[in-house]
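The values are calculated or read from the model by the stated rules, or taken from the named source; none is laboratory data. Quantities reported herein were computed from a predicted structural model and do not represent experimental measurements. Note: ideal-geometry Cβ built from the backbone for every residue, glycine included; neighbour counts use all protein chains shown. What goes into the accessible areas is simple: the full protein's heavy atoms, side chains included, and nothing from ligands, DNA or RNA. Shrake-Rupley method; radii C 1.70, N 1.55, O 1.52, S 1.80 Å.
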Amino acid sequence: MSGIPHLTVDLDAPGVSRGHLVVPGGVDRGELSLPVFSLNKGEGPRLLVTGGNHGNELEGPLVARRLIESLPETQTCGTVIVLPVLNPLAVEAWSRNTPLDGLNLNRVFPGRAGGSVTERIADAVSRVLLPMADTVFDLHSFEPTWDFPPAATTHPIADPDLMARTVRMAEAFKLPLTLVWDYNDTAGMFDIVAQNQGKVFVCTEFGGGTVGADNLAIYEAGVRNALIALGLIEGKAEYPTSRQPKSGQTLETHPHDELKSPAAGIFEPRCSVLDQVKDGDLIGILHPMDSLSAVSIDIRAHGTSIVVAIRSGAHVHANQGVALVARPPKN
Ligand SMILES: [Zn+2]
């Protein structure tokens, strides 16, 4: 099968399927296997959810992982396909573009079978996954040096009917901002290719740069709201908001108060700075991203303490610091 992008499982099979989208090797590197999940519950919408299009936007892969965990209990009809990381080479480097060829994945769609690795990823997604979906959510974040409200975005679409359906879908996320974004640098974007095939495509933006528990809750609720609107899951829309600031306090911290990552992967923060945690409370989760069958690892507090620093969602190495806790000074 080398040379042809393909799936290692039949994503149309009833029930849960877990496998890989295989991106063939080329002159620059060998083949890539992107973990992919699908849940087919029969008739209904066919949704593709992707994250990690840009490697320094990590809310998307985390929200995608949470979706994979929740769908078996919540999905009532249709098919949802989830590819948490479109570009693992960029995610591992926390880089917008692919380090190997310097290309921006979201500017090379529909890709090229004989091209460099970024073009081959786009080709595999365009040829293998895109035809399976009628609706696509591509989960992005804003650039690290910007702040940006939680938003569902689209570009202007020439077809007025598709434009109206796309805006309605974007509004169904119920995020603070729905943005129709007109700008010039759209050649080769994933959404343009999907929209040209008549598909509803929503790009979520969120930012920027720091991944926090509060923001992840908003992002996750937005995606859940959209799935409710599609009829894929049951429930009522939610509007989570950030918590209020807390009052000032004097704390101290020591070298052993740093929590380290138990393995390589993406660190998902599960608490915010200045949260008080008790012994055994969840600080965050380490998600190995090389395989969907690799178990995510909880990172828990040792004793009562207050979180004063937490890694903002990043690909980390084993034994790299992910959080720092502190306590009131002992007098
Ligand atoms: Zn992006």
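Strictly greater than 25 Å: what percent of every Cα pair in the chain meets that? I get 51 percent for the Cα pairs in the chain exceeding 25 Å.
Within the chain, what percent of beta bridges assigned by DSSP are antiparallel, to the nearest 5? Roughly 70 percent of the beta bridges in the chain run antiparallel, per DSSP. Placing +1 on the Cβ of every Lys and Arg and -1 on the Cβ of every Asp and Glu, with no other charges, gives region 112-172 a dipole of roughly 220 debye about its Cα centre. Checked against a 28 Å cut-off, the cross-linked pairs Lys41/Lys260; Lys174/Lys278; Lys41/Lys174; Lys174/Lys260; Lys260/Lys330 give Cα-Cα distances beyond that limit for Lys41/Lys260; Lys174/Lys278; Lys174/Lys260. For the charge dipole of region 184-304, defined by +1 on Lys and Arg C-beta atoms and -1 on Asp and Glu C-beta atoms about the Cα centroid, which residue among Leu232, Gly280, Gly188 has the Cα displaced farthest towards the positive pole? Selected residue: Leu232. With the charge dipole of the chain set up from +1 on Lys and Arg Cβ and -1 on Asp and Glu Cβ about the Cα centre, the Cα lying farthest toward the positive end among the listed residues Met163, Val49, Val16 is that of Val16. Placing unit charges on the Cβ atoms only, positive for Lys and Arg and negative for Asp and Glu, gives the chain a dipole magnitude near 440 debye about its Cα centre. Just tell me the longest site-free run in the chain, where the sites are trypsin sites (Lys or Arg not before Pro) in a DSSP loop having at most 10 other beta-carbon atoms within 10 Å. By the stated rule (loop sites, at most 10 other Cβ atoms within 10 Å), 1-235.
As a fraction of the 1.4 Å probe accessible area of the chain, surface on carbon and sulfur atoms comes out at 53 percent. Rg/Rh for region 212-303 stands at 1.05; both radii use Cα atoms, and Rh follows the Kirkwood definition.
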